[in-house]
Amino acid sequence: MLVDQNVVSGFPTTITLSQLPAASTVPNYTSVRISDVGTGGGSEWYAFNGEWYPRGGSCRLAASAVAVAVTGTTAKTSAATIAIPALLGLNGRLRVSAAMSVTNNANAKNGLIEFGGQTVMTGALTSIATTCGTFDIANRNSASSQISTSRGANFGQGGGSSVALLATTVNTAVAQNLVFSFTPASAGDTATLESYTVEIIK
Amino acid sequence: MTKIPAVSNNGVFSPSQDFPSDTLMVVFDGVDYLAYQPGDNLPAQQQTSPEGE
């Protein structure tokens, strides 16, 4: 049996994501450690009613405070690409936190965060020095329908607004990418992804 | 400093490989991703304010 072989030692069996069986094929509460999902050498998950859940309710997929600066170009340029495994299930969510700094002038730097190729945050980033925020992308009892706590522009969170919440239709039943990018209008400007964290919560 | 060539997919630049694990800062200079590591002089991050703010 693939899982629970190490229960005597107190640690679940370690496997890679590609070895993870469908949760529907193992008993509820079967535990595994997925070595290539999560920072810090992997993460623990358990099966329940046909889905895998991160132990403790969340799993930090990626985090970095190594600045990635984009300059000398007007082409769309990736500052970070995060692999999102197909583990969100029907009601899981991604929590994205990010901080960016840009040359403070009237030129557009066009910061963009995309999930599965669909926009989840965008901002021209004009006449500001920094922007930062946290938002969730939540599956709506469907692996292919999400609502975000972001309104899309400059993290657009909190308080009341006439702007609709951002809805997406990314198929999270398969692995997707979350991509941070900039498209500066002027090659002389600099746009920097200062830090980010991406978590699965379910 | 490690120079990582960029690749272009549908007009979008991205690094052709992962950054070294000891990377302290990365600068995309329009051609390559430059990964600065311990011992390298880190480039200053420029931020200008309009009208001398």
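What strands (runs of 3 or more DSSP E), lying completely within segment A:84-186, carry at least 2 residues that are more than 28 Å from residue A:22 (Cα to Cα) and touching a residue at least 12 places away in the same chain (Cβ under 8 Å)?
A:93-102, A:111-115, A:118-123, A:130-139, A:176-182
To keep it simple, each residue is scored yes or no on (1) open to solvent by 60 Å² or more (accessible area, probe 1.4 Å); (2) outside any strand (DSSP E or B); (3) at pLDDT 95 or above.
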{"residue": "B:17", "(1), (2), (3)": "yes, yes, yes"}
{"residue": "B:22", "(1), (2), (3)": "yes, yes, yes"}
{"residue": "B:27", "(1), (2), (3)": "no, no, yes"}
{"residue": "B:38", "(1), (2), (3)": "yes, yes, yes"}
{"residue": "B:46", "(1), (2), (3)": "yes, yes, no"}
Problem set entry | Test for residue A:143: is it of a type in the set (A, V, I, L, M, F, W, C) and farther than 16 Å from residue A:175 by Cβ | no
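Rundown of residues vs (1) open to solvent by 30 Å² or more (accessible area, probe 1.4 Å); (2) aliphatic (A, V, I, L, M), yes/no style:
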residue: A:124; (1), (2): yes, yes
residue: A:129; (1), (2): yes, yes
residue: A:136; (1), (2): no, no
residue: A:141; (1), (2): yes, no
residue: A:182; (1), (2): no, no
Seminar exercise, completed: residue B:52 vs (1) more than 16 Å from residue A:73 (Cα to Cα); (2) at the interface with another protein chain (Cβ under 8 Å from one of its Cβ atoms); (3) modelled with pLDDT under 95; (4) open to solvent by less than 80 Å² (accessible area, probe 1.4 Å): all pass except (2)
Exercise. So is residue A:101 over 12 Å from the mean Cα position of the chain (by Cα), over 23 Å from residue A:167 (Cα atoms) and of a type in the set (S, T, N, Q) or not?
Worked result: yes
Seminar exercise, completed: Here the residues within segment A:83-111 that are in contact with a strand residue (DSSP E or B) (Cβ under 7 Å, 6 or more places away or on another chain), of a type in the set (A, V, I, L, M, F, W, C) and surrounded by fewer than 20 Cβ atoms within 10 Å (Cβ to Cβ) are A:83, A:90, A:99
Exercise. What are the residue pairs meeting all of these: first residue in segment B:21-35, first residue within 7 Å of chain A (Cβ to nearest Cβ), second residue open to solvent by 70 Å² or more (accessible area, probe 1.4 Å), Cβ atoms under 7 Å, and 6 or more apart or on different chains?
Worked result: B:24/B:38; B:24/B:42; B:25/B:42
Exercise. Do we find that residue A:31 is surrounded by 22 or more Cβ atoms within 10 Å (Cβ to Cβ) and among the hydroxyl-bearing types (Ser, Thr, Tyr) in this structure?
Worked result: no
Seminar exercise, completed: Scanning segment B:11-20 for residues that are facing another protein chain (nearest Cβ under 9 Å) and among the polar types (S, T, N, Q) gives B:14
Problem set entry | Residue ID - nearest to the other protein chains (Cβ to nearest Cβ), chosen from residues in segment A:98-121 that are in contact with a Gly (Cβ under 9 Å, 6 or more places away or on another chain) and more than 21 Å from residue B:27 (Cα to Cα) | A:119
Exercise. Going through segment A:40-66 one residue at a time, which ones are within 14 Å of chain B (Cβ to nearest Cβ) and either at pLDDT below 95 or open to solvent by less than 10 Å² (accessible area, probe 1.4 Å) (or both)?
Worked result: A:40, A:41
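The values are calculated or read from the model by the stated rules, or taken from the named source; none is laboratory data. Because the structure is a prediction, the values reported are computed rather than measured. Counting neighbours? That spans all protein chains shown, and the Cβs are built from the backbone with ideal geometry, glycine included. We work out accessible area using only protein heavy atoms, side chains counted, and drop any ligands, DNA or RNA first. Shrake-Rupley method; radii C 1.70, N 1.55, O 1.52, S 1.80 Å.
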